[in-house]
Amino acid sequence: MSAREKTKKIHVGKVAVGGDAPVSVQSMCNTKTWDVEATLAQIERLRELGCDIVRLAVPEERAALALEEICERSLLPIVADIHFDYRLALLSAERGVSAIRINPGNIGGADHVKAVADACRQRGLPIRVGVNGGSLEKDLLEKEGHPTPEAMVESARRHVRMLEDCGFEDICISLKASSVPLTVAAYRLAAETFPYPLHVGVTETGLSYNGTIQSAVGIGTLLNEGIGNTIRVSLTAPPQEEVRAGIAILKACGLRTGGVRFVSCPTCGRTQIDLISLASEVQKRLEGVPRDITVAVMGCVVNGPGEAKEADYGIAGGKDSGVLFRKGEVLGTYPQQELCDQLIKTILKEENL
């Protein structure tokens with residue numbers, strides 16, 4: 001993996017972004033922000049899964065007014081997502097959010113940008129400039145013919161300059177597109193262009209399966225090149241799935257540890273237990289276990305014993321049964337229907353859970 005790109009460090013509440021800070025995971029609630037209890041319940045669920053920062057849509061005044069109670073009670077920093085109406089950004093800043101997400105070019109001119117920048121500066125709030133390949137300025141599209149990395153970076157440059165002209169530099173930048181190659185190329189160019197931290201993601205990726213694959217390729221490529229300081233996996237799915245996918249990407253890139261590392265083998269004709277059901281049940285029951293351990297669920301005698309033995313806890317499948325391992329030690333052989341319960345009971349006991 002390449003060394004991390006050095007950027008300016010900003011703070012979203014207590015979460016540092018950029019500089020030498022770890023890469024953080026974000027998601028966005030799909031509740032109506034004015035529904036305080038539903039929104040707080042979803043925020044708490046995201047926090048339990050490992051989310052670091054949560055963004056909330058603020059399309060109207062009642063959503064902005066609800067932010068005060070949400071921010072008082074939330075254990076995660078809140079980013080207000082603002083489009084078109086700069087007054088909503090001012091209301092949000094007054095009510096305790098930790099950052100504002102705007103496009104300076106669509107909130108109504110230099111005076112409005114300055115008002116938002118001044119409000120954020122007074123409260124120590126960073127601003128994320130969000131560029132999307134699907135909503136570039138008309139003149140850039142006319143010049144390039146279609147969204148390009150150069151057009152996306154130029155759009156970001158314009159928006160950033162508007163904030164810099166106000167003396168505001170606590171900035172984070174995103175340059176998202178639905179095309180993975182376009183997204184990767186835009187972020188590479190942005191990393192060469194700006195000193196600010198980058199919020200990385202591939203947008204409009206579709207449903208969970210396809211979206212996770214596209215996000216893993218795009219985000220993972222950039223992270224492995226040292227580009228990116230905070231990430232969001234954008235899915236047409238509940239936000240909990242975004243957080244699970246984001247954390248999995250960070251772990252795959254070696255950028256986050258902690259929690260269970262789960263190993264299971266592909267099925268083949270040698271398998272003599274219902275491996276898919278067994279692995280699915282084990283993984284489900286281990287979700288949220290706060291231990292940095294490796295658990296292997298293997299299906300046959302070729303690689304199974306070796307992987308299970310090397311894991312902290314493991315199962316090596318046999319004929320309608322499996323061998324249970326604990327840190328290389330064989331604990332016994334159990335019928336298939338008992339394997340999951342025996343494994344989980346062993347982990348909970350050994351890890352004092």
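The values are calculated or read from the model by the stated rules, or taken from the named source; none is laboratory data. What you are looking at is a predicted structure, and each value in this text was computed from that prediction instead of being measured. Note that each Cβ is placed from the backbone with ideal geometry, even for glycine, and that neighbours are counted across all protein chains shown. Areas reflect the complete protein model, heavy atoms only, side chains present, ligands, DNA and RNA absent. Shrake-Rupley method; radii C 1.70, N 1.55, O 1.52, S 1.80 Å.
Quick notes on this structure:
- The single condition from (1) in contact (Cβ under 8 Å) with a residue 24 or more places away in the chain; (2) within 24 Å of the chain's Cα centre (by Cα); (3) exposed (fewer than 14 other Cβ atoms within 10 Å of the Cβ) that Lys284 fails is (1).
- At least 1 residues being within 25 Å of Asn30 (Cα to Cα) and among the hydroxyl-bearing types (Ser, Thr, Tyr) is the threshold, and among the helices (runs of 4 or more DSSP H) wholly inside region 75-155 those reaching it are 86-94.
- Residues in region 94-103 that are free of Cβ contacts under 8 Å to residues at least 60 places away in the same chain and surrounded by fewer than 24 Cβ atoms within 10 Å (Cβ to Cβ): Glu94, Arg95, Gly96, Asn103.
- Cβ-Cβ under 9 Å pairs, at least 6 apart or on other chains, region 304-332 side in contact (Cβ under 8 Å) with a residue 40 or more places away in the chain and open to solvent by 10 Å² or more (accessible area, probe 1.4 Å), far side of a type in the set (Gly, Ala, Ser) and part of a helix (DSSP H, G or I): Gly318/Gly304
- Residues satisfying the stated conditions in region 170-229, i.e. part of a helix (DSSP H, G or I), among the aliphatic types (A, V, I, L, M), in contact with a Gly (Cβ under 9 Å, 6 or more places away or on another chain) and free of Cβ contacts under 8 Å to residues at least 60 places away in the same chain: Val180, Leu182, Val184, Ala186, Ile219, Leu222
- Matching residues, region 268-281, being touching a residue at least 24 places away in the same chain (Cβ under 8 Å) and crowded, with 20+ Cβ neighbours inside 10 Å: Ile273, Leu275, Leu278
- Condition met for Leu255 (within 19 Å of Gly19 (Cα to Cα), aliphatic (A, V, I, L, M) and open to solvent by less than 30 Å² (accessible area, probe 1.4 Å)): no
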